[in-house]
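Undergrad: Next up is a structure, given as structure tokens.
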Amino acid sequence: HYNALLAACADAARRRDAAAGDAALGVLRKMEERGVAPDSRSFSAAVAAAEPAGAEGLLAEFESSALASDPEGAPFVYCAAMRASLRAGEWEDALSLLDRMRARGVDPDSHCLGAALEACRAGRDGERAEAELAAARTMHADAPHRLSGVLVSTAMGACVRGGRWESALAIFDAYAADLAAGSPDAGPDPF
């Protein structure tokens, strides 16, 4: 199956194999030649295998060819692009991708939120981390994610690195209160 091959390319990229991006692009082109339309899983694996510049082109291709037909899978593709930016040290680009997905009507899932909070931490942007966490807290109970201790901890790290330790403490207190109250917005992993 093509997606399994693309996943192997993404795995090779995580192991810093320089040929992984070209291999993934080659697989996508073969799919097209053979009349097989790539879906969100195909694009997310190819984006994960690509360098940030290649990821941008693949993301644009996904947006123009597959986004409308596979909206549920879109967060996977955007998250892969965000993580490619983070691997390259381009945290601002990762946050821009989050804004871009929202502008296209795609709601971020917990993986996208995690990548965004990691970008905030890398950029010492505690204010943005607070805003992202607050936005996630206001989502409905049927949202695609809950606030886990990992997400909260990453947001707190962004605040601390950005010189906003009081905000980190407030985030901690709010999450602890949610856990104590049994809030459906708090994940099962306490500090």
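The values are calculated or read from the model by the stated rules, or taken from the named source; none is laboratory data. None of the values given here were measured: they were computed from a predicted structure. Cβ: placed from backbone, ideal geometry, glycine included. Neighbour counts: every protein chain shown. With ligands, DNA and RNA removed, areas are computed over all heavy atoms of the protein, side chains included. Shrake-Rupley method; radii C 1.70, N 1.55, O 1.52, S 1.80 Å.
Undergrad: Considering only DSSP states other than H, G, I, E and B, which trypsin sites (Lys or Arg not before Pro) in the stretch 70-167 qualify as loop sites with at most 14 other Cβ atoms within 10 Å?
TA: Counting only loop positions with at most 14 other Cβ atoms within 10 Å, the trypsin sites (Lys or Arg not before Pro) in the stretch 70-167 are Arg104.
Undergrad: At 1.4 Å probe size, with every protein chain present, just tell me what the per residue accessible area of the stretch 54-181 comes to in Å².
TA: 46
Undergrad: In the chain, what percent of the accessible surface is made up of carbon and sulfur (1.4 Å probe, ligands and nucleic acids excluded)?
TA: On the chain, the fraction of accessible area on carbon and sulfur atoms equals 54 percent.
Undergrad: In addition: Counting only other residues whose beta carbon sits under 11 Å from that of Gly73, what net charge do I get with K and R as +1, D and E as -1?
TA: That sum, taken over residues with Cβ under 11 Å, equals -3.
Undergrad: Another one. As I understand it, the dipole of the chain uses +1 on the Cβ of Lys and Arg and -1 on the Cβ of Asp and Glu, about the Cα centre. Which of Ala80, Ala176, Ala23 lies farthest toward its positive end?
TA: Most positive-ward Cα: Ala23.
Undergrad: Below 8 Å between Cα atoms, with a sequence gap of 6+, how large is the relative contact order for the chain in percent?
TA: 14
Undergrad: Provide, for q = 0.12, 0.14, 0.15 Å⁻¹, the log10 of I(q)/I(0) from a solvent-free Debye sum over equal Cα point scatterers in the chain.
TA: -0.61, -0.79, -0.88
Undergrad: Within 10 Å, Cβ to Cβ, of Ala13, how many net charges do the neighbouring residues add up to if Lys/Arg are +1 and Asp/Glu are -1?
TA: Once all neighbours under 10 Å are counted, the net charge is +1.
Undergrad: Considering the dipole of the chain built from charges on the beta carbon (Lys and Arg +1, Asp and Glu -1) around the Cα centre, which of Leu5, Gly162, Ser42 is farthest to its positive end?
TA: It is Leu5.
Undergrad: With a sphere of radius 12 Å drawn around the Cβ of Glu56, what net charge do the other residues whose Cβ falls strictly inside it have (Lys, Arg +1; Asp, Glu -1)?
TA: My count for the surroundings of Glu56 gives -4.
Undergrad: Divide by every residue of the chain the summed helix terms, -39500 (n - 2.57) for each DSSP H run of at least 4, and state the resulting mean residue ellipticity at 222 nm, rounded to the nearest 500 deg cm²/dmol.
TA: The helix contribution divided over the chain gives -22000 deg cm²/dmol.
Undergrad: Roughly how many debye, to the nearest 20, is the charge dipole of the chain about its Cα centre, given +1 on each Lys and Arg Cβ, -1 on each Asp and Glu Cβ, and no other charges?
TA: For this selection, approximately 400 debye.
Undergrad: Can you give me the P(r) profile for the stretch 34-94? Cα pairs, bins 5 angstrom wide beginning at 0, each as a whole percent.
TA: All Cα pairs considered, the percentages come to 4, 23, 32, 22, 12, 5, 1, 0.
Undergrad: OK, next. What is the extension gain from Arg16 to Lys30, computed as 0.36 nm multiplied by their sequence separation minus the C-alpha to C-alpha distance, in nm to one decimal?
TA: Taking Arg16 through Lys30 to full extension adds about 2.7 nm, to one decimal.
Undergrad: Shifting gears a bit: Stretched out fully, how many nm does the piece from Phe172 to Ser96 gain, at 0.36 nm a residue minus the Cα gap?
TA: Gain in length upon complete extension: 24.7 nm.
Undergrad: Please list, in order along the stretch 91-100, the HN-Hα scalar couplings obtained from phi with the Karplus expression 6.51 cos²θ - 1.76 cosθ + 1.60 (θ = phi - 60°), rounded to whole Hz, x for Gly and Pro.
TA: With the stated coefficients, the stretch 91-100 comes to 5, 5, 5, 4, 5, 5, 5, 4, 4, 5 Hz.
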